[in-house]
Structure formats: structure tokens, C-alpha cells
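Single-structure report; data block below.
The values are calculated or read from the model by the stated rules, or taken from the named source; none is laboratory data. As the structure is a computational prediction, the values presented were derived from the model and not from experiment. Virtual Cβ from ideal backbone geometry, glycine too; neighbours counted across all protein chains shown.
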Amino acid sequence: MEDNPLSRRRLLWGAAGAAGTVLAAAGLPLLMKPEEEVKAALPGPARKASVAAGPPATLRTDPSVDYAPAVWVEASESNYTASDRPEAYPIEYVVIHLTTDIMPIMFTKFKDPAERVSAHYMISATGTRIAQCVRERDVAWHSGSVWYNHRSIGIEHEGWTDQPVYTAKMYEASAVLTATICAKYDVPVDRDHILGHVEVPLSTHDDPGTAWNWDKYMKLVETARRRIRT
């Protein structure tokens, strides 16, 4: 996905607001505000760009999400493949991505049938918001490889490769999500099965970038995985 010239300060939009719920299982805060409030908190240029991008994504709590702390922001049915995983295909990998745009614009892209792209989850730069856009049983189009798409779950992280904002809470929230996925589908917690987008064979992307701290992340995933009962 291409970057754009909007101010990097837009990554801070996720810090606005005080309402929210608690990610009890991991002790992590998960704040979620209605989309119109999020837009109001954006810096001027980012707010205008978000409005220009099209209708706001609907953020709603849905009991059908696979990961309880997430909210359901459904991608277009034209941007993923309906399936019945893990019966149809084993889930063997987690692929880590970087959005290169703010979450509201990414939601709009996922909802646009012309974009031909989606991911299962998206995490805000602050780590306080998690959205699910594709059910885990379905095949999101996120890795650029049909084979890996069918056998993986993709997690997008809000940021840019040239100026990423990988906060401690983002790492923590992502690690708990990845550990939960690994526990559910018996995915080994190692670098052979938890990949960056750049590591998918024949990938044309370089995310999550060199600033992503894999040692730190894997230690967090390992710690969270030990705490999850299978």
C-alpha cells in the first residue's frame, strides 16, 4: 500500500479519548470511540483526508468476532475468500504488516471492492484499538501469496516504514493477539511461523520495516503464550 504526504502526526489520533473497555486477559487498555469522535480528534489535514476518503467505517461491537477485545469492521466480501478454516486449510502462520496509513482510511480501502486487499486484524499505533475485518475462518488477501494467504492470519499495525511509531502498548496488544492465535491453532511461537510481510516468499513489500523489534516482540509473544491455557 502506498504512503501519502499527510503529516506523521496523524499516527497520534489513537491517543484521543478516554472512554473504553479493559482487555482483562492481558491487563491491557483497549479504548474505542465512535468514528465521528475519532475524526474530530485528528489534526486538520488528516481529518480532511479521512472525510475525503469516503463514508466512515462503522465501528461496532459484535459478539461474532473471533477475538473478544476487537470490534468488527467488516471488509468487502470482494476483498477476501470465504472459507472454513482450519478444516479447509490449516492455519500455520501469522503475518505482521504495517498499514502506511491511518486506520479510518484503511477501513475504507478494505471496504472498497476495487482495492482487492484486506487483513484479519488491525491495531492502532497506540495499541489501544483493535479491529477485526475478516473472520479467521476466511482467507484475507494480505500477503501477496495465495498459498500463504490460505494458511495464515494477517495483522496490520498502524504506521509507516520510514517513520514508524511502534509503541510499547502496540507491541503488547499485538503480542497477546498473536499468542492467542498461536494457542488456538497450535502455531509454533517462532520466527519460522510468525513472519513479517517482507519475509513471505516473493513479497514485494518491506513491512514491518527494520525498526520493528523482533526480539522484543517474540519475547512478548512467548510470555503471553505461556499465560494462555490451551
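Going by what's in this entry, would SER145 be described as within 14 Å of HIS97 (Cβ to Cβ), among the polar types (S, T, N, Q) and out of contact with any Pro (no Cβ under 8 Å at 6 or more places or on another chain)?
Taking the combined requirement at face value, the residue does not satisfy it.
State which residue is farthest from the chain's Cα centre (by Cα) when the search covers only region 75-90 and only residues that are closer than 24 Å to PRO201 by Cα and either among the polar types (S, T, N, Q) or buried (at least 21 other Cβ atoms within 10 Å of the Cβ) (or both).
Restricting to residues being closer than 24 Å to PRO201 by Cα and either among the polar types (S, T, N, Q) or buried (at least 21 other Cβ atoms within 10 Å of the Cβ) (or both), the top hit is SER83.
State which residue pairs qualify: first residue within 12 Å of ALA82 (Cβ to Cβ) and modelled with pLDDT under 95 and inside region 126-148, second residue part of a loop (DSSP other than H, G, I, E, B) and charged (D, E, K, R) in any location, beta carbons under 8 Å apart, and separation of 6 or more residues or different chains.
Close Cβ pairs satisfying both conditions: none exist.
So, in region 152-192, how many residues would count as being among the charged types (D, E, K, R), under 28 Å from PRO90 (Cβ atoms) and surrounded by 24 or more Cβ atoms within 10 Å (Cβ to Cβ)?
Adding up the residues that qualify gives 1.
Looking at PRO86, PRO113, PRO45, PRO69, which is the one that is at pLDDT 95 or above, closer than 28 Å to ALA168 by Cβ and out of contact with any Lys or Arg (no Cβ under 7 Å at 6 or more places or on another chain)?
PRO69
For region 190-217, how many residues meet the condition of being outside any loop (DSSP other than H, G, I, E, B), under 22 Å from ARG151 (Cα atoms) and out of contact with any strand residue (DSSP E or B) (no Cβ under 7 Å at 6 or more places or on another chain)?
Counting residues in region 190-217 that are outside any loop (DSSP other than H, G, I, E, B), under 22 Å from ARG151 (Cα atoms) and out of contact with any strand residue (DSSP E or B) (no Cβ under 7 Å at 6 or more places or on another chain) gives 4.
Name the residues in region 67-81 that are outside any strand (DSSP E or B) and either hydrophobic (A, V, I, L, M, F, W, C) or more than 17 Å from GLN132 (Cα to Cα) (or both), would you?
Of everything in region 67-81, those that are outside any strand (DSSP E or B) and either hydrophobic (A, V, I, L, M, F, W, C) or more than 17 Å from GLN132 (Cα to Cα) (or both) turn out to be ALA68, ALA70, VAL73, ALA75.
Just one of the numbered conditions (1) surrounded by fewer than 24 Cβ atoms within 10 Å (Cβ to Cβ); (2) at negative phi; (3) not hydrophobic (A, V, I, L, M, F, W, C) is not true of GLY144; which one?
The single condition GLY144 does not satisfy is (2).
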